[in-house]
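A short worksheet on the structure shown next.
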Amino acid sequence: MLSKNIEDTLNKQIKIEAESSQIYLSMACWAEIQGLEGVAQFMYNQSDEERSHMLKLVKYVNERGGHALVTDLKAPKTKFGTFKEMFEELYQHELFVSNSINELVHTTLNEKDYATHNFLQWYVSEQIEEEAQAKTILDKINLIGEDRGGLYLFDRDIQQLSVTS
Ligand code: OFO
């Protein structure tokens, strides 16, 4: 059985994952209308992943005697400047999510809720991967700079990343 505090905090995380999914969906749309097919596909996949992170939390809360809440969400931006700025935003957003997961883990330890603590370890590992991936992409973008040919190749490359991840 979840304590009220843990239930509330997990519900906050559910909202964060749902908003992440919306942010990446909006990024996918923006990339798609710029003709960046690979980047768009990558973002659509990210959006789906965030939805699955949300669902995993929803099921956990309901199974443990809580009530997962489906609430209204903050609308994401619809334009993202340059694609470099967009990936910087993605990276910053993942750092924000990691921080939120860490806070959550901390709360479970304070409350001696070892079941939830154990459940959250999956998210801790997932965030390590997501941060690393976002960082690798940003490094590549910095190498490309303003080069159009480089951007074309990058768009093709990132498509491969979507297929294999
Ligand atoms: Fe990428 O954030 Fe979910 O966990």
The lysines whose Cα lies under 28 Å from the Cα of LYS135, excluding any fewer than 8 residues away in the same chain, are LYS12, LYS15, LYS56, LYS74, LYS77, LYS79, LYS84
Charge sum, other residues only, whose C-beta stays under 10 Å from ILE23's C-beta, Lys/Arg counted +1 and Asp/Glu -1: -1
Specify which residue in the list GLY81, THR136, HIS117 is farthest towards the positive end of the charge dipole of the range 80-165, using unit charges on the beta carbon of Lys, Arg (+1) and Asp, Glu (-1), about the Cα centre. THR136
In nm, to one decimal, how far is the modelled label at SER52 from the one at SER125, with both set 7 Å along Cα→Cβ? 1.4 nm
Quick note on PHE83, PHE42, PHE96, ordering by fewest other C-beta atoms within 10 Å, gives PHE96, PHE83, PHE42
Global form of the chain, assessed from the alpha-carbon gyration tensor, a/c cut-off 1.5: prolate
Just need the relative contact order of the chain here, percent rounded to a whole number, with Cα pairs under 8 Å and 6+ apart. 29 percent
How far is helix 148-164 tilted, in degrees, relative to the longest principal axis of the Cα atoms in the chain, given as a value from 0 to 90 rounded to the nearest 10? 40 degrees
Neighbourhood charge, 13 Å Cβ-Cβ cut-off, centred on GLU63 and excluding it, Lys, Arg +1 and Asp, Glu -1: +2
Once R0 is set to 22 Å, what does the formula 1/(1 + (r/R0)^6) return for the Cβ-Cβ distance between ARG156 and GLU85, expressed as a FRET efficiency to the nearest 0.05? 0.55
Based on other C-beta atoms within 10 Å, arrange HIS106, HIS93 from fewest to most. HIS106, HIS93
Rounding to the nearest 10 and keeping the result within 0 to 90°, find how far the Cα-based axis of helix 4-33 lies from the longest principal axis of the chain. 10 degrees
Virtual spin-label span in nm between ASN110 and ASN62, 7 Å along Cα→Cβ: 2.9 nm
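The numbers here are math on the coordinates, done by the rules we state, and not lab data. Worth saying up front: this structure is predicted, and the values here are computed from it rather than measured. FYI the Cβ positions are ideal-geometry reconstructions off the backbone, even for glycines, and counts take in every protein chain you see.
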